[in-house]
Amino acid sequence: MKRRIFISKTVVPAILASMGGVGITNAVGGDRNNEKRIRLSENGPMIPPVPAILLTVNGKPGGPPEIAVVWTFVIEGEPPQIGISVADYHIAGSLIKRHKEFVLNVPTADIVTAFDVVDMNSRKAGDKYALSGLTQGKAVMVNAPTVMEVPIQVECRVFNTISVPPQRTVFFADVVATTVQEGVCDENGRLIVDNVPFFGMTAGSGEFYTMGEQVGHIGKVVGRNDIKY
């Protein structure tokens, strides 16, 4: 498929908003205000499906590039900015600090097995492109590799970092280019969610889920339907 390019604009905020708004059937039912609330024995960030993202970044001089799975969130829609959280013991973090540039590759359900292969293997296991069967591509604006199979590639340049104890670094980045395969967005760069089988990761069960039915949109209560993020 041909890939359209949106320089200095991004559709990822729309994806993230959509992931947070996945339609979910209420399995409990009834008046939840009167339901008994149980405190779990293990604290955790139990959140509905969040974006499944493959980060790609150049390796050390002479070394192979890196693919990693990272937690991702939106900072701002205009100007487009995102944040990622990377464990300090993962090689991806040191490579991002070195190069200051990376790509967020948004996968679809048809490559969920390759996604899990990437997530479950370290660099020590070998070349992750070869292990997962994914194809290496090249970004258009930043010096970083990409994953060619994904419908959306978001190219990022770091502008700030924060060290988060005990062993995390949060990177803040400007989105300098976004490329999409044809059919992913309309002529105005608006994401067509139904056209692409995105999936998300649940924090609380460790499962992957595709998008559910649309249950509304941002601005519905004020009669607006032009808000993308």
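Where in the range 83-202 are the helices (runs of 4 or more DSSP H), entirely inside, with at least 2 residues that are over 18 Å from G63 (Cα atoms)?
112-120
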One residue is enough: does the range 40-53 have a residue meeting the conditions crowded, with 16+ Cβ neighbours inside 10 Å, modelled with pLDDT of 95 or more and out of contact with any helix residue (DSSP H, G or I) (no Cβ under 6 Å at 6 or more places or on another chain)? yes
Of everything in the range 112-157, what is surrounded by 15 or more Cβ atoms within 10 Å (Cβ to Cβ) and among the basic types (K, R)? Give them in sequence order. R123, K128, R157
Take the residues in the range 123-149 that are over 20 Å from T72 (Cβ atoms) and among the small types (G, A, S), then tell me which one is modelled with the lowest pLDDT. A125
Any residue in the range 202-229 that is loosely packed, with under 10 Cβ neighbours inside 10 Å sitting within a Cβ distance under 8 Å of a residue that is small (G, A, S) and at pLDDT below 85? List the pairs, counting only those 6 or more apart or interchain. E213/G23; G216/G21
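The values are calculated or read from the model by the stated rules, or taken from the named source; none is laboratory data. Everything numeric here is computed off the predicted structure, so don't read it as measured data. Heads up, the Cβs are rebuilt from the backbone with ideal geometry, glycines too, and the neighbour counts pull from every protein chain shown.
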